[in-house]
């Protein structure tokens, strides 16, 4: 699912916080909150959330992908490539070819 | 950015229907207790009564008495197994179901319930064997098809799961959870219309079934009906304020549509 738009979204943040409060091992909720934090320019907070999402579920392809792009922003190309590679592998393994192709494309761009 | 794909949470397999305590005989318990206050049959009757009135611990004690007085009473093991099962004592329940089956291999319910237990304990092959056997003994038990369908769906056998859900619905058209499950199956196979029909039916049958609202919300979200999805997530959370997946999905929806 492609992520479109949004600025300051307190209600969404409240929901993600609540989801995490209720289930502190909810990898997807950290990933989603990370995206939200990214939208509000909280890149450190976003990184922390993606890290946690991956720690809780190392097979979380979207979290690897999101952290990969964020690492590009941070100038960590090596880390970015590693994350995108893992994301591509995971999407491929799960048969999600649409996202697989998308990640491959980003990977090529980062590697150039 | 990619936002996490919509996640399904399935409700646990349930033993509610199969877990009915069986009555052994129909003699009036009052009479029986008067005549033979310490007989196995009188403890059995009282155990059933206590179970039905919610006194599980008392009922377990009664069935233990029956077992002491009549160690080959398969149904007493079965009933104690159900009660232990319901109170979270999985190992004790398993032992009781095993013994009950040993004493009476013709009780389909014991296989069916042991199947659920094995399923929960991660013994998928054992669970499947039990469901198969239960169905062999009684081909008309809707709940066993429901549980086997869930197991098959979880192990990737969509065709088998669909056949089981269809059969279960044929046998019991009023069990909301089966529609909910079949809805998930249909949704995952791209049959959105069929899935929506199933979720609607599940909600019609049980207007308090939070998981069906949650799943219908995911379907609506996926098909672009964000207002409908939001209403469903709201309702799911209203019914179950601790529904973490529903908060996560609603947050995703709000994030995507910028509902600040």
query = Mind checking whether some residue in the stretch B:122-139 is buried (at least 24 other Cβ atoms within 10 Å of the Cβ) and either in contact (Cβ under 8 Å) with a residue 60 or more places away in the chain or outside any helix (DSSP H, G or I) (or both)?
reply = no
query = If you check residue A:38 against the conditions, is it modelled with pLDDT under 95 and within 11 Å of the chain's Cα centre (by Cα)?
reply = yes
query = Give me the pairs: first residue in the stretch A:59-72 and under 15 Å from residue A:100 (Cα atoms), second residue outside any helix (DSSP H, G or I), beta-carbon distance under 6 Å, and six or more apart or on different chains, which are they?
reply = A:62/B:2; A:62/B:4; A:65/B:2; A:66/B:1
message = Please return the ranges of helices (runs of 4 or more DSSP H) entirely within the stretch A:1-84 where 2 or more residues are within 8 Å of chain B (Cβ to nearest Cβ) and closer than 29 Å to residue A:108 by Cβ.
response = A:27-39, A:61-73
inquiry  = Looking only at the stretch B:217-245, count every residue that is closer than 18 Å to residue A:35 by Cβ and facing chain A (nearest Cβ under 8 Å) and tell me the total.
reply    = 2
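Which residue out of B:148, B:182, B:167 is over 30 Å from residue B:247 (Cβ atoms) and surrounded by 24 or more Cβ atoms within 10 Å (Cβ to Cβ)? Before the answer, list the steps.
Working: B:182 fails: over 30 Å from residue B:247 (Cβ atoms); B:167 fails: surrounded by 24 or more Cβ atoms within 10 Å (Cβ to Cβ).
Being over 30 Å from residue B:247 (Cβ atoms) and surrounded by 24 or more Cβ atoms within 10 Å (Cβ to Cβ) holds for just one of B:148, B:182, B:167, which is B:148.
The values are calculated or read from the model by the stated rules, or taken from the named source; none is laboratory data. What you are looking at is a predicted structure, and each value in this text was computed from that prediction instead of being measured. Ideal geometry is used to build each Cβ from the backbone, glycine not excepted, and the neighbour counts take in all protein chains shown.
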